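Each remark here refers to the structure printed beneath this line.
Read-outs: derived from the displayed coordinates by stated rules, not from any lab. Keep in mind that what you see is a predicted model, and the values were worked out from it rather than measured. Cβ coordinates were reconstructed from backbone atoms using ideal geometry, including for glycine residues, and neighbour counts include every protein chain displayed.
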Amino acid sequence: MIHSLFLVNASGDIFLEKHWKSVVSRSVCDYFFEALERATEPENVPPVIPTPHHYLINVLRHRIYFVAVIQSEVPPLFVIEFLHRVVDTFQDYFGVCTEAAIKDNVVVVYELLEEMLDNGFPLATESNILKELIKPPTILRTVVNTITGSTNVGEQLPTGQLSVVPWRRTGVKYTNNEAYFDVVEEIDAIIDKSGSTITAEIQGVIDACVKLTGMPDLTLSFMNPRLLDDVSFHPCVRFKRWEAERILSFIPPDGNFRLLSYHVSSQNLVAIPVYVKHNISFREGSSQGRFELTLGPKQTMGKAVESVLVSSQLPRGVLNANLNPSQGTYTFDPVTKLHINVATNCYWQLLSWDVGKINPQKLPSLKGSMSLQAGASKPDENPTINIQFKIQQLAISGLKVNRLDMYGEKYKPFKGIKYMTKAGKFQVRT
Amino acid sequence: MMTKHVRNLLSLLQENRGLGSKMTDSKYFTTTKKGEIFELKAELNSDKKEKKKEAVKKVIASMTVGKDVSALFPDVVNCMQTDNLELKKLVYLYLMNYAKSQPDMAIMAVNTFVKDCEDPNPLIRALAVRTMGCIRVDKITEYLCEPLRKCLKDEDPYVRKTAAVCVAKLHDINAQLVEDQGFLDTLKDLISDSNPMVVANAVAALSEIAESHPNSNLLDLNPQTINKLLTALNECTEWGQIFILDCLANYTPRDDRESQSICERVTPRLSHANSAVVLSAVKVLMKFMEMLPKDLDYYGTLLKKLAPPLVTLLSAEPELQYVALRNINLIVQKRPEILKHEMKVFFVKYNDPIYVKLEKLDIMIRLASQANIAQVLAELKEYATEVDVDFVRKAVRAIGRCAIKVEQSAERCVSTLLDLIQTKVNYVVQEAIVVIKDIFRKYPNKYESVIATLCENLDSLDEPEARAAMIWIVGEYAERIDNADELLESFLEGFHDESTQVQLQLLTAIVKLFLKKPTETQELVQQVLSLATQDSDNPDLRDRGYIYWRLLSTDPVAAKEVVLAEKPLISEETDLIEPTLLEELICHIGTLASVYHKPPSAFVEGSRGVQHKRLPARAGSGESAESPDVGQSGPAEAPPAVIPSQGDLLGDLLNLDLAPPTATIPSVQPSMQMGAMDLLGGGLDSLLGGDIGGSPSMGAGLGAAPAAMPAALGSAPAVGGGLGDLFDLGGGVGMPTGAYVAPKTVWLPAMKAKGLEISGTFARRGGIIQMDLSLTNKAMSVMTDFAIQFNRNSFGLAPAGPLQVLTPLSPNQTIDVSLPLSTSGPVMKMEPLNNLQVAVKNNIDVFYFSCQYPLSLLFVEDGKMERQVFLATWKDIPNDNEAQFQIKDIHLNSDAASNKLQGSNIFTIAKRTVEGQDMLYQSVKLTNAIWVLAEMRIQTGNPNYTLSIKCRAPEVSQFVYQCYELVLKN
């Protein structure tokens, strides 16, 4: 099982270590640092690194490497999932998961890690249970604790720990009872030069924020549940009911949680909401190149495409670009190579064009010329264009919630459903 | 390292100078000045609770950044006796870290632990037992036993579940103690606990303990415990589900029903949000579905259910994707049908991390088939223009692998590679040349037209592998390249600066050239031989040089045979995982072994043994009574002759259902050494074709193979009642019929069947048609799970029972099997008429071959016609149907001939002698009730017989004649 955990920051320093069994010397991380050095980009560090006596399994989130040390045969996915859970917990507790936040709360972090893993076996990873055991720091509580000397450690066994619904504690009380569901879909797509779709798929999630008193039992049904043939549920969802009736029936955790995630595969037709017309060309023997890019809406079901951001890594050898956007602003940074935006796991490209909203009457375009380094030959590679966008009030797969009902409690809750479509890894080849 | 910490702290200090710093824990880092320990000591011994707690927090903070605060041990332990839970927890944290370095001091804490184990608050009881287990000090463990025993039986499940893990901890420290105290039995009892979380933790603890005792049988799985685990599976946490699923995967169900019911209860886990749960569930299903009959509806449903969760794993974080992809790689090799329609999800996004890109590429090639090859090639070509050089190289290689894998696409691949060569991008050109060499080896004499283009790029090649590949091509096709000698000579100039790979290749290429164009190149060959033998320090190069030299000088003809011998074709299989390893890895899906594609034994530290896991066998053929009609309903449409297995053919594995139609006597014939002789004759030749290194001495090794078979058979219990009959039948000793049986010939050479060689013959013994097979394993791994299936054929021949290979066929072993045949199979006219297409399956693949059987196989015992009927029939059959044949060189008199023929059920009805000429009238009846009438004329003194055959189905005449000839001549 998981032996030890090291946290390593972006500059390669270990800033926290935790051992669940015997102490493993931090020199074991040298193997990790070697791999880090070899990697061309920070995210190219292989997730599993063998060392003579241990295996290092790491994840990179929020510019921090979480390096777990294992000694015997342990399912790597188990370790990776757990590490992600650690990150989520930190974020949940401290609002952000940064080196500074972790150091500011090092004792809580330690208590949390101790509570999450016992002898390498996961003990309590549900946010609800953890919060009963160790209260999250708030400014108020910190102040109060400093003055009164009270503690942020729960004295009683969390009620949910052993119940059949470990994700919910008893005795939840709210004055305003509300249940909100966000259907968020991301389109991953590769579009080829000619504009035809090579692959497109939708990753959807339903995130919920449920603040309901007592032990409510909810059912959520869809107009078109047939779309959901590849789903992953929160453990609270009753699988049998879904199999039989295609209805989501569950006792919700308290607060924010991901009810389900689903995947609409490339075999179904996926609507592509934007198109790109592009002409990026270099002439043989000339140091100038042309750059033209026009965006337009495609299958948007009448909704506006907003927050459009185009980015592209121009070929090596391109020294400068002199471009003219019809709307929005663009940046071209020829000096700094590849910034990494770790949060989205995307390159922050050399060329980035913040378009804003697409007006179908006046299509946004970015046109101009690029100049090559003197003497550089015509670049071999064709840049890929990355597009981000958002469409409010639309689930591009067509998924629609039919109704939400509550049983088990008498009050009437506020209910709300929101839809949104975003670009995931949406790439256009040129 | 230390300087790093200091830097850390300093930067921390700077960061937290602000107002907020007083509020947060970072204040604990701020005292870095001298005398810190002393100061802390004072604070720890303070009377004020608050001050104490703050001090302990400071100590913990120092500990987390790797500072040594062990000197404070007694002071911290003094703070343990408190009713403040946070303080208690903090002290426990400290204790776990430092108890080992201060064992004597640690004893001080024992009393408090023991007391806390009795606390009314279950949280504190659990905390105490949990912490105690983490203190890895022998002296403390003795005191731990009593509290632990109580906690294992605690009324509160939270305490029990914590105690279960504690047993594993204790076992890690002192295994003997745990056994002596009987904790293992208590742990086993916990598997039946009413609380699912307790069950899950007990399973986890037992699994961990079992890992260090591979043969301890700790997790004694039986249907009852399995049932309990499955119940707990639905109710425990995600982590518990992983433990339980991994434990289930070790179980071997008794039969396919149990297997199915487990699969049914595990399937819902595929929809879990935790990818580790999903992958563990996939492991259980992959293993257990091996036992399900393939014709079962449920089997198909299950296959369909496996694809979506695997695809979903690919939308997770890149680290998860990576592990998932490594496992999918295995799954795709084992069961390509699961993901064959999902090619697109493996297309590479340009900002995928490189480790994900490379894995996706590999899987794309494994899934490539004729149906999707156009798409795949278009993608690969796109990748070849990306920025990352490593990835581009792999993409170019992938194009070559596609060409080798999907024969129909080879031409397209070659033209894609040529396009890429035109880009003149240096590393692309070099990779392309390396893979084109492989394509030449797979499809010799097919794409030589591109050689000219390749030669144009000769100068740009600077990597050894590419240079060696190019030289190989020039040498191999020297006769078609006009200036081959110039090209090779140009390489020769810098001979000593080349890498060994290139030097060796150059030597061989020039020798090849010399053998092809001896007149013009004598000088060149002498030059290279002297360079290699006299001026080189490399022993490999020198040795090869000497060998060539001697060969050329003593026997140029032999040299030609050796150097220019036909090379074995390369195939896609070279990069497949060996089947036995694959099987083992499938049993370890989701583990480190599956990530590294290495056997699990390679991962466990030290000498701890690992049990090799195998996939369970499919439900035994004895139970096929449930599906008696399968044999007929799904015969494999086997294409004729030997075909190298390819992706889409593997799919046939599914159709190839091998349940026998009837419960006939299984027949295994241990006919000892006879087979071994043939094996040497036929098999070895084909194996050695082109291999220079193979000397006759190899034969000895092979010949010794068919060891101890009968003994092994005798102990095989599975055959049941049939076994008694088996030997009588198969032994073939006392058979009165003198039927001629042709010697075995090689039907399926090992080269074309991944090391399985099949030779065989047909015989008719006592009215039963038998196919006598010798299966020889010439591969490195054990072969199992043999099965056989015929394509429809002219006379409806079909296996009357399963292919009984009861023991695994180890490398170099030969086993002889007699397969009884029936003639009740589906009928389809074949060309030639007696052609039989056979598919043989083993654990590695399905192989196809075709063979021809003598028609005499079908001559039935009651084929003797009444004289009157004979006469009438003879007249009745039109003269057009009469065929005449000459049988030459027979030195038998008519009686002897007649006797001999009778042995093969060709019956003489009457004999007439006219003018010194014997006329024999004979009849034959085929299994499908076709009568064949014959008149054989034998002239005394003339060794040539004349045979006239009349039959209503004149097609058979020729084959009947062949039987005559065969029987009479042998």
What percent of all Cα-Cα pairs in the range B:170-279 falls in each 5 Å bin, counting up from 0? 2, 12, 23, 23, 19, 13, 5, 3, 0
Name the residue farthest towards the positive end of the dipole of chain A from the options A:TYR407, A:SER365, A:THR40, assuming +1 on Cβ of Lys and Arg, -1 on Cβ of Asp and Glu, about the Cα centre. A:SER365
With the dipole of chain A worked out from charges on the C-beta (+1 for Lys and Arg, -1 for Asp and Glu) around the Cα centre, which of A:PRO297, A:ASN224, A:SER127 lies farthest toward the positive end? A:PRO297
Just rank A:GLU178, B:GLU486, A:GLU99, A:GLU186, fewest to most, by other beta-carbon atoms within 10 angstrom. B:GLU486, A:GLU178, A:GLU186, A:GLU99
In terms of Cα to Cα distance under 13 Å, which aspartates and glutamates are near enough to B:LYS424, apart from those fewer than 8 places away along the same chain? A:ASP380, A:GLU381, B:GLU456, B:ASP459
Using only atoms on other chains, find how many Cβ atoms lie within 10 Å of each Cβ of peptide A:250-263 and report the average. 1
For chain A, what's the relative contact order in percent, using C-alpha pairs closer than 8 Å and at least 6 residues apart? 15 percent
Taking the Cα centre of the range B:882-940 as origin and charging only Cβ (+1 Lys, Arg; -1 Asp, Glu), how large is the dipole, in debye to the nearest 20? 140 debye
Principal axis extents for the range B:463-565, Cα atoms only, whole Å, descending order, please. 33, 29, 23
As a Kirkwood estimate from alpha-carbon pairs, the range B:858-969 has a hydrodynamic radius in angstrom of 13.8 Å
Between A:ASP254 and residues 5 or more places away or on another chain, which pairs have amide H atoms under 5 Å apart, with H built 1.01 Å from N, and which residues are they? A:ARG169
So which of B:LYS900/B:LYS925; A:LYS21/B:LYS169; B:LYS405/B:LYS446; A:LYS21/A:LYS131; A:LYS131/B:LYS89 end up more than 19 Å apart by C-alpha? A:LYS21/A:LYS131
Please rank A:CYS236, A:CYS29, fewest neighbouring Cβ atoms within 10 Å first, as an exposure proxy. A:CYS236, A:CYS29
Restricting to Cα pairs under 8 Å and 6 or more apart, the percent relative contact order of the range B:206-302 works out to 24 percent
Gap separating the Cα centres of the range B:386-413 and the range B:228-281, nearest whole Å: 39 Å
In what sequence do B:MET470, A:MET301, B:MET289 fall when counting other Cβ within 10 Å, fewest first? A:MET301, B:MET289, B:MET470
Which ³J(HN,Hα) values in Hz, rounded to whole numbers, follow from the phi angles of the range A:313-318 under the Karplus curve 6.51 cos²θ - 1.76 cosθ + 1.60, where θ = phi - 60° and Gly and Pro get x? 8, 5, x, 4, x, 6
Can you give me the C-alpha center-to-center distance between the range B:871-943 and the range B:834-854, rounded to a whole angstrom? 34 Å
DSSP loop (so not H, G, I, E, B), at most 10 other Cβ within 10 Å: list which GluC sites (Glu not before Pro) in the range B:370-411 pass both filters. none
Mean Cα-pair separation over length for the range B:745-853, i.e. relative contact order, pairs under 8 Å, 6 or more apart, %: 27 percent
Within the range A:205-291, DSSP-loop chymotrypsin sites (Phe, Trp or Tyr not before Pro) with at most 12 other C-beta atoms within 10 Å are none
Long-range amide H contacts for A:ILE198: which residues qualify at under 5 Å (H placed 1.01 Å from N, peptide plane, sequence gap of 5 or more or a different chain)? A:ILE190, A:ILE191, A:ASP192
Taking the Cα centre of the range B:463-565 as the origin and placing charges on Cβ (Lys, Arg +1; Asp, Glu -1), which of B:GLN534, B:TYR546, B:LEU488 is farthest toward the positive end of the dipole? B:TYR546
Cleavage-rule hits (trypsin sites (Lys or Arg not before Pro)) in the range B:436-467: DSSP loop, at most 15 neighbouring Cβ within 10 angstrom: B:LYS446
With +1 on the Cβ of every Lys and Arg and -1 on the Cβ of every Asp and Glu, and nothing else charged, how large is the dipole of the range B:745-853 about its Cα centre, in debye rounded to the nearest 20? 160 debye
What is the Cα coordinate range of the range B:745-853 on the first, second and third principal axes, sorted by size from largest, in whole angstrom? 38, 28, 21
Give, rounded to the nearest 20 debye, the magnitude of the charge dipole that the range B:826-970 has about its Cα centre when Lys and Arg contribute +1 at Cβ and Asp and Glu contribute -1 at Cβ. 140 debye
